[in-house]
Amino acid sequence: MTSSAKRSCGDCTLCCKVMAIEALAKPVNAWCLHCRPGRGCMIYTARPAECAAFACLWLASDLLDERWKPNRSKLVLTTSEDGIEVRCDPGFPNAWRREPYASEIRAWAVEGESSNMTVVVIVDQRMILVTPDREFDLGIVGPDERIVRELEGTKVVGATVVKESELDDRTSDPAPPA
């Protein structure tokens, strides 16, 4: 991804809703107490380091056009250790199924299958692993759990969630949760 120096959050504050902020004990999918939706952070100069370091993919990459701006798409895109996470505004849980987003998310899954990259959609607290051929609704994946993909070559044919403590040599592809 290439950096986008010309973009700024502007009136977009959706990350202040869909992301957890550990330093403020702010849970996922709840507005931060310091956010004024559409206006910005009221403690911007003293905001926590995790907020200062955060940049969604729309902000950080020229590869996503204006349609992907989070307050327009209702989707906040982030990276994980092994792929892309698409976080839906809980008020718009099917935003990722609308066009042009659905086609592009599926295209990322096609590309990811050959490069061992995952595409996970997060709707409220549910995680959905998107593959070229299907979706695996994994339910709620806890911080002590991992997504394990069952592969035939590079094709994902199954996906389960297991406790991290239960992972053993037989798991083919443990992926951390979002």
Inter-part distance where the stretch 1-51 and the stretch 126-154 are each reduced to a Cα centre, Å: 27
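Once a ≥ b ≥ c are taken as the square roots of the eigenvalues of the Cα gyration tensor of the stretch 1-83, is the result rounded (a/c under 1.5), prolate (a/b larger than b/c) or oblate (a/b not larger than b/c)? Working shown, then result.
Numbers: a/c = 1.62, a/b = 1.42, b/c = 1.14.
Cα axes put the stretch 1-83 in the prolate bin.
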Computed [θ] at 222 nm, helices only, for the chain once each DSSP H run of length n ≥ 4 contributes -39500 (n - 2.57): -4000 deg cm²/dmol
Cleavage-rule hits (trypsin sites (Lys or Arg not before Pro)) in the stretch 69-178: DSSP loop, at most 16 neighbouring Cβ within 10 angstrom: Arg98, Arg134, Arg170
Neighbour cut-off at most 10 other Cβ (10 Å), DSSP loop, GluC sites (Glu not before Pro), the stretch 36-140: Glu81
Lysine-lysine proximity count for the chain, Cα under 29 Å, sequence distance 8 or more or distinct chains: 11
Accessible area in the full protein assembly, largest first, 1.4 Å probe, for Leu63, Leu167: Leu63, Leu167
Solvent exposure of the chain as accessible area per residue, Å², 1.4 Å probe: 54
Kirkwood-Stokes translational diffusion coefficient of the chain, alpha-carbon pairs, 20 °C, 1.002 mPa s, µm²/s: 125
Fraction of beta bridges assigned by DSSP in the chain that are antiparallel (%, nearest 5): 85
Relative contact order %, the chain, counting alpha carbon pairs below 8 Å whose residues are six or more apart: 14
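Of all accessible surface on the chain at a 1.4 Å probe, what whole percent is carbon and sulfur?
52
The values are calculated or read from the model by the stated rules, or taken from the named source; none is laboratory data. Everything quoted here is computed from the prediction, not taken from an experiment. Ideal geometry is used to build each Cβ from the backbone, glycine not excepted, and the neighbour counts take in all protein chains shown. The accessibility values were calculated without ligands, DNA or RNA, using every heavy atom of the protein model including side chains. Shrake-Rupley method; radii C 1.70, N 1.55, O 1.52, S 1.80 Å.
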